[in-house]
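Enquirer: Provided herewith is a single structure, encoded as structure tokens, for subsequent inquiry.
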2 protein chains.
Amino acid sequence: MDKVYQLIIIGGGPAGLSAGIYAARSRLDTLLIEKAGLGGNILNAEWVENYPGFPKGVSGAELGSLMAQQAEKYNLPTVFAEAEGIEVRDGEKLLKTSEGQYRAKAVIIAGGSEHSKLGVPGEEEFRGKGVSYCAMCDGAFFRDEAVAVIGGGNVALNDALFITRFVSKVIVIHRRDQLRATKVLQERALANPRMEFIWDTVLESITGDSQVRGLQLRNVKTGAKSNLPVSGVFIAVGLKPNTEYLKGLLALSEGGFILVDGQMETNVPGIFAAGDIRAGSIRQVIAAAGDGAIAAISAERFLSSS
Amino acid sequence: MDKVYQLIIIGGGPAGLSAGIYAARSRLDTLLIEKAGLGGNILNAEWVENYPGFPKGVSGAELGSLMAQQAEKYNLPTVFAEAEGIEVRDGEKLLKTSEGQYRAKAVIIAGGSEHSKLGVPGEEEFRGKGVSYCAMCDGAFFRDEAVAVIGGGNVALNDALFITRFVSKVIVIHRRDQLRATKVLQERALANPRMEFIWDTVLESITGDSQVRGLQLRNVKTGAKSNLPVSGVFIAVGLKPNTEYLKGLLALSEGGFILVDGQMETNVPGIFAAGDIRAGSIRQVIAAAGDGAIAAISAERFLSSS
């Protein structure tokens with residue numbers, strides 16, 4: 001508790017690890033705090049094809065591991081703890097975590113975001129019993145069964161395409177009449193014989209017994225209701241930033257993302273944000289890693305001028 | 001000449017290739033224009049240690065090649081030509097190049113920057129005869145001789161450290177009394193027995209016969225002049241953006257860098273900039289690649305909404 005770090009980085013995904021590589025190479029006395037596993041959300045990405053430098057693609061788990069090894073090579077210390085609050089006292093930052101308190105002169109917040117919930121009846125009750133937010137984790141549990149994917153973005157289609165390896169049929173349920181996902185994914189999805197699409201439709205509730213048995217759907221244009229028998233449902237409707245504990249301290253966007261300038265500075269001097277947790281992020285690994293480098297260089301400049 | 005591309009990317013360095021990978025994966029009808037070699041300025045980087053995902057480091061040439069392969073995998077067409085001007089007519093962009101004209105609905109400018117000149121007597125005269133801007137290209141020509149490096153930033157120290165492999169002595173001449181380079185580099189440089197430092201000193205002229213023989217120096221604090229006998233001088237004093245041909249079209253910073261917002265949009269709708277050529281860039285490969293992805297996604301949004 002007595003030690004004051006120069007820099008604490010919250011989050012060990014691509015943004016936090018990139019910031020850590022830069023900070024450690026700059027010989028800043030830095031601590032990285034991660035609540036689960038180094039690599040962050042990319043650990044859930046089966047295959048990453050668009051991170052420049054990997055023409056054959058790379059699994060999310062391997063890319064996360066490579067970045068973690070690189071941070072370790074420059075002796076970046078890591079503790080596993082969950083951030084619970086930040087207080088600023090005379091410029092010093094006091095970070096409260098599940099494993100005690102840490103002090104630092106500067107903080108980079110790179111805590112990412114989590115999957116949004118739909119908030120429909122059955123979603124909580126059947127979580128882990130057919131309701132999933134992670135296709136890669138749970139797809140193989142539904143061998144030769146029919147499952148649904150809710151959403152129309154890149155994550156939803158990537159999830160759906162992945163699950164087709166296991167299941168007999170994937171039904172994508174989307175509230176609009178066209179997908180938001182990038183065209184290459186749309187083409188693959190629309191051409192996949194195991195995939196079906198239900199347009200203009202929302203999920204109203206999830207039903208079952210000891211596990212999911214069906215979905216109550218509603219067409220938003222006609223109002224018609226229907227029941228779809230499935231054994232599982234993957235919910236891929238967006239991300240929620242991990243910023244609950246920062247309310248009142250930092251300026252946040254309407255969606256709860258941290259507002260930053262081009263140098264990743266927040267409204268509080270010495271606090272920076274990087275990656276999916278900041279407002280305006282394109283939610284791509286390469287951009288998160290770029291953010292992390294920018295935040296580390298900004299933190300270094302802040303520390304050397306204060 | 002008749003064809004109108006959806007997107008033209010100017011520059012095949014990390015920013016342009018990353019933009020190309022994203023644009024090609026999004027099935028945008030894209031053309032990439034590069035004036036020299038795919039990879040851009042990283043082809044001059046002997047070894048890159050801070051690009052996240054490569055814990056052992058990677059040569060600049062290999063990283064450039066990996067990114068180029070990835071763009072090629074998604075069928076990104078490339079032409080070798082130098083951009084000379086852009087005209088906007090009814091929203092369409094007409095790009096004039098050394099190899100003819102191309103038309104596009106959107107343009108991403110990722111042309112990077114070039115090494116700044118000192119503008120001292122002898123600099124032009126002895127270029128290629130002992131004056132160099134590329135340590136990796138020319139370092140081996142000075143085996144067992146003494147050479148100077150001008151500058152105090154990361155590029156200067158990286159250059160100097162690289163050259164110590166070949167030469168008997170590297171003298172770093174810096175106009176201030178401390179280095180701007182990151183600490184890990186400073187430590188390595190200061191500990192290297194083949195490196196010496198001359199502080200608070202500027203180069204006034206370069207002298208020689210058929211090749212460089214010496215440098216006229218001036219101490220900026222005392223005014224004292226001196227002569228330093230060397231066979232070569234590597235000038236590493238900064239970068240100049242390749243934006244001459246954009247004056248009058250785009251809003252530029254005082255240093256000539258392209259002004260962009262957080263989405264890499266310039267002041268002209270449908271023209272984006274990414275990487276070292278934009279104002280506020282940290283001049284790092286990872287950030288340039290991040291910029292490229294952001295610019296491509298912004299271009300895709302621009303095209304689908306126009």
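Enquirer: Cut-off 10 angstrom, C-alpha nodes, Gaussian network model of chain B. Which of B:Val88, B:Val120, B:Val155 fluctuates the most?
Expert: Of the options given, B:Val120 has the highest mean-square fluctuation.
Enquirer: For A:Leu94, which inter-copy label distances result when the label point lies 7 Å beyond Cα on the Cα-to-Cβ vector, reported in nm to one decimal and in ascending order?
Expert: Copy-to-copy label distances at A:Leu94, shortest first: 6.6 nm.
Enquirer: Using a Gaussian network model of chain A whose springs link C-alpha atoms within less than 10 Å, name the residue from A:Gly152, A:Gly91, A:Gly53 with the highest mean-square fluctuation.
Expert: A:Gly53
Enquirer: Using θ = phi - 60° and the Karplus curve 6.51 cos²θ - 1.76 cosθ + 1.60, what whole-Hz ³J(HN,Hα) does each residue of the range A:130-136 get, with Gly and Pro shown as x?
Expert: With the stated coefficients, the range A:130-136 comes to x, 9, 9, 10, 9, 4, 5 Hz.
Enquirer: Only helical DSSP H runs with n ≥ 4 go in: add -39500 (n - 2.57) per run for the protein assembly as shown, normalise by residue count and round the 222 nm mean residue ellipticity to 500 deg cm²/dmol.
Expert: -7000 deg cm²/dmol
Enquirer: To continue, here is another question. Using a ≥ b ≥ c from the Cα gyration tensor of the range B:117-235 (square roots of the eigenvalues), is it rounded, prolate or oblate, where a/c under 1.5 gives rounded and otherwise the larger of a/b and b/c decides, a/b for prolate?
Expert: Oblate is the answer for the range B:117-235, as a/c is 1.5 or above yet b/c matches or exceeds a/b.
Enquirer: Looking at the range A:185-285, which trypsin sites (Lys or Arg not before Pro) are DSSP coil and have at most 11 other C-beta atoms within 10 Å of their C-beta?
Expert: Of the trypsin sites (Lys or Arg not before Pro), the ones in loops of the range A:185-285 whose Cβ has at most 11 other Cβ atoms within 10 Å are A:Lys221, A:Lys247.
Enquirer: Might you report the magnitude of the Cβ-based charge dipole of chain A about its Cα centre, with Lys and Arg at +1 and Asp and Glu at -1, to the nearest 20 debye?
Expert: 460 debye
Enquirer: Take B:Val4, project a point 7 Å from its Cα along the Cβ direction, then tell me which residues of the range B:232-254 have their backbone nitrogen under 16 Å from it.
Expert: Taking a point 7 Å out along Cα→Cβ of B:Val4, no residue of the range B:232-254 has its backbone N under 16 Å.
Enquirer: Inter-copy label distances at B:Arg176, 7 Å along the Cα→beta-carbon direction, one decimal in nm, shortest first?
Expert: The projected label point of B:Arg176 is separated from its counterparts by 4.8 nm.
Enquirer: Which residues belonging to the range B:32-65 lose at least 20 Å² of 1.4 Å-probe accessible area when the assembly is complete, relative to their chain isolated?
Expert: SASA drop of 20 Å² or more in the range B:32-65: B:Glu49, B:Asn50, B:Tyr51, B:Pro52, B:Gly53, B:Phe54, B:Pro55.
Enquirer: Same structure again: In nanometres, what is the gap between the two model label sites at A:Lys169 and B:Ala224, each 7 Å from Cα along Cα-to-Cβ?
Expert: Output for this residue pair reads 8.9 nm.
Enquirer: Further question on the same structure: Run the accessible area of the range B:125-229 with a 1.4 Å probe and give the carbon-and-sulfur part as a rounded percent.
Expert: The computed percentage sits at 47.
Enquirer: May I ask you to compute the full-extension gain from B:Gln178 to B:Glu49, defined as 0.36 nm times their residue separation minus their alpha-carbon distance, rounded to one decimal in nm?
Expert: Result for the pair: 44.1 nm of gain on full extension.
Enquirer: Taking the Cβ of B:Glu82 as the centre, find all other residues whose Cβ is under 13 Å away and add up their charges (Lys, Arg: +1; Asp, Glu: -1).
Expert: Here the charged neighbours net out to -3.
Enquirer: For the range A:178-306, with the dipole built from +1 on Lys and Arg beta-carbon atoms and -1 on Asp and Glu ones, taken about the Cα centre, which of A:Ala274, A:Ala251, A:Asn219 lies farthest toward the positive end?
Expert: Sorting the options by dipole projection puts first A:Asn219.
Enquirer: Let me ask you something else. Protein chains only, probe 1.4 Å: how do A:Phe257, A:Phe197, A:Phe234 rank by accessible area, largest first?
Expert: Ranked list, largest accessible area first: A:Phe197, A:Phe257, A:Phe234.
Enquirer: If a paramagnetic tag sat 7 Å from the Cα of B:Ser59 along the Cα-Cβ line, which residues of the range A:40-58 would have the backbone N under 20 Å from that point?
Expert: A:53-56
Enquirer: Can you tell me the 0 to 90 degree angle between the C-alpha axis of helix B:154-163 and the longest principal axis of chain B, rounded to 10?
Expert: Helix B:154-163 sits roughly 60 degrees off the main axis of chain B.
Enquirer: Pop a pseudo-label 7 angstrom from the Cα along the beta-carbon direction at both A:Arg301 and B:Val202 and give the gap in nm to one decimal.
Expert: Simple spin-label model gives 2.4 nm for this pair.
Enquirer: Could you state the angle between the C-alpha long axis of helix A:14-25 and the longest principal axis of the C-alpha atoms of chain A, as a value from 0 to 90 degrees rounded to the nearest 10?
Expert: The helix A:14-25 is inclined about 20 degrees to chain A.
Enquirer: Right, here's the next one. B plus A alone minus the pair: what accessible area, both sides summed, probe 1.4 Å, in Å² to 100?
Expert: Separately minus together, B and A give about 3500 Å² buried.
Enquirer: Turning to a different aspect of this structure: So which GluC sites (Glu not before Pro) in the range A:211-306 are both in a DSSP loop and have at most 11 other Cβ atoms within 10 Å of their Cβ?
Expert: A:Glu254
Enquirer: Once the whole set of protein chains is in place, how much accessible area is left on A:Glu124, using a 1.4 Å probe, in Å² to the nearest 10?
Expert: Probe radius 1.4 Å; accessible area of A:Glu124 about 130 Å².
Enquirer: Here's a follow-up. By Cβ position, which chain A residue lies least far from the axis that rotates chain A onto chain B, and what is the distance to the nearest whole angstrom?
Expert: So the closest residue, with its distance, comes out as A:Gly290, 1.
Enquirer: To the nearest 0.05, what FRET efficiency results for B:Leu94 and B:Asp29 with a Förster distance of 22 Å applied to their C-beta separation?
Expert: That pair, B:Leu94 with B:Asp29, gives E of 0.85.
Enquirer: How far is B:Glu254 from itself in the other copies, in nm, if each label sits 7 Å out from Cα along the Cα-Cβ line, shortest first?
Expert: Once sorted, the set of distances for B:Glu254 reads 3.8 nm.
Enquirer: Between B:Gln263 and A:Glu114, how many nm apart are label points set 7 Å from Cα along the C-beta direction?
Expert: Once both label points are built, they end up 3.0 nm from each other.
Enquirer: Here's a follow-up. Write down the accessible area per residue of the protein assembly as shown in Å², having rolled a 1.4 Å probe over the full set of protein chains.
Expert: Per-residue value: 42 Å².
Enquirer: If you line up the long axis of helix B:60-73 against the longest principal axis of chain B, both from Cα atoms, how many degrees apart are they, to the nearest 10?
Expert: 10 degrees
The values are calculated or read from the model by the stated rules, or taken from the named source; none is laboratory data. Being a predicted model, the structure only gives us computed values, none of them experimental. Don't worry about glycine lacking a Cβ; one is built from the backbone with ideal geometry, like all the others, and counts go over all protein chains shown. The protein model used for the area step is the full one, side chains on, heavy atoms only, and it has no ligands, DNA or RNA in it. Shrake-Rupley method; radii C 1.70, N 1.55, O 1.52, S 1.80 Å.
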